[in-house]
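Have a look at the structure below, then the notes.
The values are calculated or read from the model by the stated rules, or taken from the named source; none is laboratory data. What you see is a predicted model, and the numbers here were worked out from it, not measured in a lab. Positions of Cβ are generated from backbone atoms using ideal geometry, with glycine treated the same way; all protein chains shown enter the neighbour counts.
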There are 2 protein chains.
Amino acid sequence: MSSLRDAAIARDVADPLARFRAAFSLPAGVIYLNGNSLGPPPGTALASLAAVATEEWGQGLIGSWNSAGWIEAPTRIGDKIARLIGAKAGEVVVADSTSVNLFKLAAGALSLRPGRRTILSEVGNFPTDLYVLQGLSALTPGQARLKAVAPEALIEAIDADVAVVVLTQVHYKSSRRWDMAAVTAAAHAKGALILWDLSHSTGAVAVDLGACRADLAIGCGYKYLNGGPGAPAYLFVAQRHQQAIRSPLTGWMGHAEPFAFDDDYRPAPDIRAQVTGTPPILGLAALEAGVDLQLEADPAQVEAKGAALAEAFRAAVSPRLEARGLDLASPAAAADRGLHLAFRHPAAYAIVRAMAARGVIGDFRAPDAARFGFSPLFLSYLDIHNAAEHFVEVVESGEFNRPEHQVRAAVT
Amino acid sequence: MSSLRDAAIARDVADPLARFRAAFSLPAGVIYLNGNSLGPPPGTALASLAAVATEEWGQGLIGSWNSAGWIEAPTRIGDKIARLIGAKAGEVVVADSTSVNLFKLAAGALSLRPGRRTILSEVGNFPTDLYVLQGLSALTPGQARLKAVAPEALIEAIDADVAVVVLTQVHYKSSRRWDMAAVTAAAHAKGALILWDLSHSTGAVAVDLGACRADLAIGCGYKYLNGGPGAPAYLFVAQRHQQAIRSPLTGWMGHAEPFAFDDDYRPAPDIRAQVTGTPPILGLAALEAGVDLQLEADPAQVEAKGAALAEAFRAAVSPRLEARGLDLASPAAAADRGLHLAFRHPAAYAIVRAMAARGVIGDFRAPDAARFGFSPLFLSYLDIHNAAEHFVEVVESGEFNRPEHQVRAAVT
């Protein structure tokens, strides 16, 4: 055992991303394997938030919309996120939530493919994605209908009525990763557009929307980007679609001249047309710090380290717990998955709680998955070694059976 | 002049709301007449934001969704705002932006009045309101059409095809105030619903949605509620409509059981069905502090003081500047307006800039309005006396003609 521990320490010594750990101040005694759900704050995010609130809001007041660059924050931060996902400046903007952005871009995709009505997705996609597409279909009967098929039937289901294929690149539960280039090409071959949900990708696995010729994308700010709880989300519209796409949520910040106060909506001629209401400056301040930190890291190193952490965890846990009813619910090969792992077990909820009581934070995803994320910026190989040992002890000892670990919380 | 100054000081001594000024730390040398656009931070907002970021996010991490009450924040703060607008607990929730909330409730109103297609509003309403309704109409042709009429023709225009009347109670530019009870009754008399935009009302003028039997309302967190730049917005759905109304933006946080991760959307049976994405916790923290402060003040005293401040300003300015081309663009009677005033002048933009250079912050609204807000919690009668003197001096001296005051900023 100690030799495995020594090996983990040796890998930490050689880790080119090791310096990023100091950018976070995680609580003592915690191994945080849930950065895929809510990333922890970089110290710079806390400092920026305090400065924006106290100085820009408190002292600059209304003038900060100009003097502190608030009005450009959605496009400025969008341009930064663009660099993380293979997009060009002017193709990404920060606005609203992931759910609202999906609504905008799915409706926008229908506007780009008149005559086609089907929005194609997969069963078991992240619920909000399916819910939002169901809501759009219910609002516009005859114009849009959601068709959700099993993932293995998806490519086959792209037909001449499909306006847009909506997929989460890395599955929120299983971590299964779609081949972005191949699926994008398959959609295009049938005249359909592709809309990628990058919530579990950005800041985790290398993404190159431009190289794939992806059309549309959305993503979340509070996972691997460490942008804060409920951080503003982002969206991508390939430049070639920006003139024609129509947003259904035509708020004043998407107007060509918001401060002309015209009665009639005229969309901004660029990505700003996808902004809706007044930008949420406090949330944007924290998000920008998270994005700035992410930009300092080499994306290839990020993906490689995350995959190595996940694989180290899997290798330490799976062989010892398979006989105890624990199944890997994620693809076996690192190339087929993102940077989290899910394990199926009938007592997954209680196992997650028992591990949390030991300071190892993962989460539960109904009905039976224990999920652990391997954020490459703040986790060490030694963390993973220790977390795996806790996991094995919790399951082997039956510690998870204690009554206090069965109590359900509102948020799981 | 000095007797007027003494009178202002005497009114401050007698002001029952005077103690609230200490809750804000405004910059020295500034008289801030723009709280109607962006309220300044209460000290408690800055402290709460720091605690939420550093402790709840940084130390509590994902567990704060339960332990710090994050998941209940939209309804908890909604219940507090309900007390400010005459609504019951469970009728208000905080979510998204004002624009997005309008989209949800306007579509929801159509779902409550099947067979009716018209959304009625007034020309010159706050642009985002008209834009969002135009966007909804464009997305659902044949189901929704916006009809915007002159305010004096509005009541007459409520006919049997009108599903919902959408009005901003206090006009963003002129400050003209609709009679909420009378217009609501007129809508109901024709079988239509009413949707009030309270952005310039809440925290300013007394609002009693319940007494008026209003159906729906939306509002903004960053004006008189002092919730921070781009603060989360709120919406109201009268309890009697909550079972039947359908939101078009069916995000996971509006699901009856978000953490069941079902594939099919089932709306929450209450106001939570209007929540869309993950709640923006940092913005909510600041907003809650602003709302908590507002709840400490007597709404009747708030409205009375704001009206008195505005009237003192008007009385000090109008008679002296009418001959200089300055016209009051707001109703003459305090009962007919909210807590801001607009003045029309060909050089309104430059006048606002010249006053800002003297530390008196108002704003410009195209094409020719100088607008000043009279937030009752942090302004004194002496502030108003001094601000009016600056206004008169800037106009009488021609100081606003200086070249530096003509430069247009991105945000006006």
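Residues in the stretch B:131-143 that are surrounded by 24 or more Cβ atoms within 10 Å (Cβ to Cβ) and not aromatic (Phe, Trp, Tyr): B:Val132, B:Leu133, B:Gly135, B:Leu136, B:Leu139.
Consider only pairs whose beta carbons are under 7 Å apart and that are at least six residues apart or on different chains; among these, list those whose first residue lies in the stretch B:51-77 and is surrounded by fewer than 18 Cβ atoms within 10 Å (Cβ to Cβ) and whose second residue is in a helix (DSSP H, G or I) and charged (D, E, K, R). That search, which allows pairs on different chains as well, returns B:Gly69/B:Arg76. Of all the residues in the stretch B:1-31, those that are surrounded by fewer than 15 Cβ atoms within 10 Å (Cβ to Cβ) and of a type in the set (Val, Ile, Thr) number 2. Assessment of the stretch A:126-149 against the conditions (away from chain B (no Cβ under 13 Å), of a type in the set (A, V, I, L, M) and either within 22 Å of A:Thr98 (Cβ to Cβ) or within 16 Å of the chain's Cα centre (by Cα) (or both)) yields no matching residue. Scanning the stretch A:351-397 for residues that are within 14 Å of chain B (Cβ to nearest Cβ) and part of a helix (DSSP H, G or I), which turns out surrounded by the most Cβ atoms within 10 Å (Cβ to Cβ)? The selected residue is A:Val352. Of all residues in the stretch B:308-332, those being touching a residue at least 60 places away in the same chain (Cβ under 8 Å) and within 15 Å of B:Arg176 (Cα to Cα) number 4.
Picking from residues in the stretch A:201-221 that are assigned to a loop (DSSP other than H, G, I, E, B) and aliphatic (A, V, I, L, M), the one that is farthest from the other protein chains (Cβ to nearest Cβ) is A:Ala206.
Can you pull out every residue in the stretch B:287-333 that is closer than 18 Å to B:Ala7 by Cβ and hydrophobic (A, V, I, L, M, F, W, C)? The answer is B:Ala304, B:Ala307, B:Ala308, B:Leu309, B:Ala310, B:Ala312, B:Phe313, B:Ala315, B:Ala316, B:Val317. Would a scan of the stretch B:86-107 turn up a residue that is hydroxyl-bearing (Ser, Thr, Tyr), crowded, with 21+ Cβ neighbours inside 10 Å and in contact with a Phe, Trp or Tyr (Cβ under 8 Å, 6 or more places away or on another chain)? Yes, the conditions are met somewhere in the stretch B:86-107. When the residues of the stretch B:318-345 are filtered to those that are under 21 Å from the mean Cα position of the chain (by Cα) and charged (D, E, K, R), the one that is nearest to B:Val302 (Cα to Cα) is B:Arg337. Is there a residue in the stretch B:94-110 that is more than 9 Å from chain A (Cβ to nearest Cβ) and over 16 Å from B:Arg246 (Cβ atoms)? Yes, because at least one residue in the stretch B:94-110 is more than 9 Å from chain A (Cβ to nearest Cβ) and over 16 Å from B:Arg246 (Cβ atoms). When the residues of the stretch B:268-290 are filtered to those that are touching a residue at least 60 places away in the same chain (Cβ under 8 Å) and β-branched (Val, Ile, Thr), the one that is farthest from B:Leu102 (Cα to Cα) is B:Ile281. Listed conditions (1) in contact with a His (Cβ under 9 Å, 6 or more places away or on another chain); (2) within 7 Å of chain A (Cβ to nearest Cβ); (3) buried (at least 22 other Cβ atoms within 10 Å of the Cβ) are all met by B:Glu122, apart from (2). Of all positions in the stretch B:299-315, none carries a residue that is among the β-branched types (Val, Ile, Thr), over 21 Å from the mean Cα position of the chain (by Cα), at pLDDT 95 or above and under 17 Å from B:Gly39 (Cα atoms). The one condition from (1) touching a Lys or Arg at 6+ places or on another chain (Cβ under 8 Å); (2) among the β-branched types (Val, Ile, Thr); (3) surrounded by 24 or more Cβ atoms within 10 Å (Cβ to Cβ) that B:Val162 does not meet is (3). Here A:Ala300 passes the criteria (1) over 30 Å from B:Asp96 (Cβ atoms); (2) touching a Leu at 6+ places or on another chain (Cβ under 9 Å) except the one numbered (2). The helices (runs of 4 or more DSSP H) found wholly in the stretch B:1-102 and carrying at least 3 residues that are touching a Leu at 6+ places or on another chain (Cβ under 7 Å) occupy B:2-14, B:73-84. Of all residues in the stretch A:207-221, those satisfying the criterion of being of a type in the set (A, V, I, L, M) and either buried (at least 24 other Cβ atoms within 10 Å of the Cβ) or at pLDDT below 95 (or both) are A:Val207, A:Leu209, A:Ala214, A:Leu216, A:Ala217, A:Ile218. In this structure, does A:Leu112 turn out to be over 24 Å from A:Ser175 (Cβ atoms) and in contact (Cβ under 8 Å) with a residue 60 or more places away in the chain? Spelling it out, A:Leu112 is indeed over 24 Å from A:Ser175 (Cβ atoms) and in contact (Cβ under 8 Å) with a residue 60 or more places away in the chain. The set of residues from the stretch B:268-300 being small (Gly, Ala, Ser) and more than 16 Å from B:Ala231 (Cα to Cα) comprises B:Ala268, B:Ala273, B:Ala297, B:Ala300.
Would you check which residues across the stretch B:272-331 are surrounded by fewer than 23 Cβ atoms within 10 Å (Cβ to Cβ), away from chain A (no Cβ under 14 Å) and not in a helix (DSSP H, G or I) and list them? Once the filter is applied, which keeps residues that are surrounded by fewer than 23 Cβ atoms within 10 Å (Cβ to Cβ), away from chain A (no Cβ under 14 Å) and not in a helix (DSSP H, G or I), the stretch B:272-331 yields B:Glu296, B:Ala297, B:Asp298, B:Gly325, B:Leu326, B:Asp327, B:Leu328, B:Pro331. Exactly one residue out of B:Leu130, B:Leu146, B:Leu110, B:Leu167 is in a helix (DSSP H, G or I) and closer than 21 Å to A:Gly277 by Cα, and it is B:Leu130. When the stretch A:222-258 is limited to residues that are among the aliphatic types (A, V, I, L, M) and not in a loop (DSSP other than H, G, I, E, B), the one that is surrounded by the most Cβ atoms within 10 Å (Cβ to Cβ) turns out to be A:Leu235. Within the stretch B:115-127, the set of residues being in contact (Cβ under 8 Å) with a residue 12 or more places away in the chain and part of a helix (DSSP H, G or I) is empty.
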